[in-house]
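The values are calculated or read from the model by the stated rules, or taken from the named source; none is laboratory data. Values in this document were obtained by computation on a predicted structure and should not be read as measured data. All Cβ positions, glycine included, derive from the backbone under ideal geometry; neighbour counts span all protein chains shown. Note: areas computed on protein heavy atoms with side chains; ligands, DNA, RNA excluded. Shrake-Rupley method; radii C 1.70, N 1.55, O 1.52, S 1.80 Å.
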Amino acid sequence: MVQMIKDMNELKEFLKDAGHKLVVVEFSAKWCGPCKAMCPIFHAMSLRYKNVLFANVDVDDAQELAETCHIKGVPTFQMFKKAQKVTLFSRIKRVLCCCRSGLMTKQIYELCGADARKLEEKIQELM
């Protein structure tokens with residue numbers, strides 16, 4: 001099941017209630033063709049991955065939240081664990097990669113675009 005989020009307070013509460021579970025938040029818009037294509041796929045993933053929580057933010061209805069989350073295009077998917085965005089530096093198994101590559105600011109918690117395969121791969125990796 002996909003939870004609809006309307007503002008930052010709702011998002012914070014949703015993330016807090018999730019505890020240690022992975023949370024995937026989809027930022028989308030009703031007028032967006034790729035968002036419409038991803039909607040049933042995202043819903044199906046929410047039914048398939050019972051140990052992952054799924055939420056949706058309509059960027060037109062929650063403009064302030066979308067701005068706070070630095071959404072530049074839709075659809076965008078952000079991943080959270082323990083109420084924090086999953087970043088490259090929060091991933092222990094990637095430490096060697098980071099050290100070898102030098103300091104990197106690129107984060108891995110965000111996917112932009114309607115690529116269901118990449119989204120599912122990232123969910124499986126982060127669960």
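With every protein chain left in place and a probe of 1.4 Å, what is the accessible surface of Asp17, to the nearest 10 Å²?
110
Pop out the ³J(HN,Hα) list for the stretch 74-84 in order, Karplus 6.51 cos²θ - 1.76 cosθ + 1.60 with θ = phi - 60°, rounded to Hz; leave Gly and Pro as x.
So the Karplus estimates, Gly and Pro as x, are 10, x, 10, 10, 10, 10, 9, 9, 6, 6, 10 Hz.
Show Lys12, Lys118, Lys72, Lys81 ordered by accessible area, largest first, where the area counts protein heavy atoms only and the probe is 1.4 Å.
Values: Lys12 125, Lys118 105, Lys72 185, Lys81 70 Å².
Descending order: Lys72, Lys12, Lys118, Lys81.
Let me cross-check Ile71: its accessible surface, 1.4 Å probe, with only protein heavy atoms counted, in Å² to the nearest 10?
Rounded to the nearest 10, that gives 30 Å².
So how exposed is Lys82, as accessible area in Å² (1.4 Å probe, rounded to 10)?
Lys82 has an accessible surface of roughly 130 Å² with all protein chains in place.
Ignoring ligands, DNA and RNA, how do Met8, Met1 rank by accessible area with a 1.4 Å probe, largest first? All intermediate terms of the calculation are to be shown ahead of the outcome.
Numbers: Met8 60, Met1 165 Å².
Correct descending sequence by accessible area is Met1, Met8.
Just to verify a number: FRET efficiency for Lys6 and Ile41, C-beta to C-beta distance, R0 = 22 Å, to 0.05? Working shown, then result.
Details: r = 23 Å, r/R0 = 1.02.
It comes to 0.45.
At a Cα cut-off below 13 Å, give the aspartates and glutamates reachable from Lys118, other chains included and same-chain residues fewer than 8 away excluded.
Output for Lys118: Glu110.
Based on the Cβ-Cβ distance from Asp17 to Arg117, what FRET efficiency comes out when R0 is 25 Å, to the nearest 0.05?
Once the sixth-power term is evaluated, E becomes 0.30.
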